[in-house]
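The values are calculated or read from the model by the stated rules, or taken from the named source; none is laboratory data. As the structure is a computational prediction, the values presented were derived from the model and not from experiment. FYI the Cβ positions are ideal-geometry reconstructions off the backbone, even for glycines, and counts take in every protein chain you see.
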Amino acid sequence: MQMVSTSAFQIDLPAALIERVKNGDTAAFEQIYRRFERPVYTLALRMLGDAEAARDALHDAMLKAFQRIAQYRGDAPFWAWLRQIAMNEALMRLRGGEGFTVSMESAGVNSDALADDAPAPWAHADARMLEQALAQLPAVTRSVLWLYHVEGFTHAEIATAMRKSTSFSKSQLARGTARLRALLDPEPEALPCLLPTA
Amino acid sequence: MSSANRVTLGEALRALPLAAPPGDEWTPLRERLQPLHTRPSAWRRYALPAALAAALAGAFLILRTPPASAPATVAHVGASSSTNGTQAVQLHNAQNAANQPDRLAQLQQRSQALERWLRETGRDAAPLQGQDLAAAAEIENLIGLVDVELAAPRQTRAPALWQRRVGLLEDLAALRYSNYRLAAGGQLAASWQID
């Protein structure tokens, strides 16, 4: 994992709370649910781009977390374990939809080839504009962007989860970044010297 | 893309507000939690019947594996997600604490061999269908959960985790093996050996 991640999932839980859930205490699980409802829902919503599908993913992810909590050994933080379940639920839905067969035309794109020093338009975009631009990306591309930038997964981890290659993850990141840039800054101001004279 | 721009996009995305589901999602979830204590998990409902169906074919594959210093059945105990399985693994680990580095290395090698075999046979096998596909997806998700714990800096129970990983890969190999054999026209691929 990249160490720069500040994922909303990063909530530490008391070990005693997890032990209570392992013993079947649904009241204890409700405490966990309340703390992680929004992070799980947000991850699903960003990946799937659909509120109803995100609701289903939230429900099923939490159900599986409860079912499988006996297998959680406590070597990793609980939030990372739960996040993996949430990501798998969203990916399962993506695979089932048409959006997962993403065009491979950018598979050969090298992310470094898109490097430039132009001001990043997202630095000046408000949340609504950024969300609207994100919503216009293909689901898989948006998922890669989110998993990489927000959740801090590496390309190798994303590739494994998506059952794709590392270069696929890199190309989707490059493509999504370029697309976001274009969506947020569609028409750069024309240079005065290029304007027609009266 | 320059690292400065990458950080900027990451910061912008991380600054977006968390979304909340439109309604009360806890109540319907709670209603489904209670009966779970008295019935088998989804993993067992879907995966075990399929895994058992593939077991006869898979047994051939697993039996061909060169014996490790510890009995092969121990890995299968580790594959079980049951509490009894976990206790058995813990007992085994306590008894073999002195040999833990060797045991860990053996498990890691076996995990790599199984992954290699799955990757190589996956190219020739027909796509899994129906219940087998669902079972394989479940097993892969469970392997992902084990990997989350293995990736953590603190691995106090690494041998137990690796044992569980190997067990899950063996389940996946059993599923894939029957499928691979079918794709090969029913001829036993005796040249395949996990080592």
Would you kindly identify the helices (runs of 4 or more DSSP H) lying entirely within the stretch A:1-93 that contain at least 3 residues that are at the interface with chain B (Cβ under 9 Å from one of its Cβ atoms) and in contact with a helix residue (DSSP H, G or I) (Cβ under 9 Å, 6 or more places away or on another chain)?
A:26-48, A:51-68
Say whether the condition of being more than 15 Å from the chain's Cα centre (by Cα), under 30 Å from A:Leu13 (Cα atoms) and at pLDDT 95 or above is met by at least one residue in the stretch A:80-100.
yes
Pairs needed: first member in the stretch A:72-94, over 20 Å from B:Arg164 (Cβ atoms); second member anywhere, among the charged types (D, E, K, R); C-beta distance under 7 Å; at least 6 residues apart or different chains.
A:Glu89/A:Asp60
Selection over the stretch B:137-152 where residues are farther than 20 Å from B:Pro127 by Cα and at the interface with another protein chain (Cβ under 7 Å from one of its Cβ atoms) yields a count of 6
Name every residue in the stretch A:157-187 that is away from chain B (no Cβ under 11 Å), more than 26 Å from B:Pro17 (Cβ to Cβ) and surrounded by fewer than 21 Cβ atoms within 10 Å (Cβ to Cβ), in order of residue number.
A:Ala159, A:Lys164, A:Ser165, A:Thr166, A:Ser167, A:Phe168, A:Glu187
Do you know which residues across the stretch A:130-161 are aromatic (Phe, Trp, Tyr) and either in a helix (DSSP H, G or I) or within 19 Å of A:Ala54 (Cα to Cα) (or both)?
A:Trp146, A:Tyr148
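Name the residues in the stretch B:114-129 that are loosely packed, with under 15 Cβ neighbours inside 10 Å and within 14 Å of another protein chain (Cβ to nearest Cβ), would you?
Within the stretch B:114-129, the first condition is being loosely packed, with under 15 Cβ neighbours inside 10 Å, and the residues that meet it are B:116, B:119-120, B:122-124, B:126-127, B:129.
Hits for the stretch B:114-129 are B:Arg119, B:Gly122, B:Arg123, B:Pro127.
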Step by step: first the residues of the stretch A:121-136, then only those that are more than 11 Å from B:Leu13 (Cβ to Cβ) and under 15 Å from the mean Cα position of the chain (by Cα), then the one that is farthest from the other protein chains (Cβ to nearest Cβ). Which residue is that?
A:Gln136
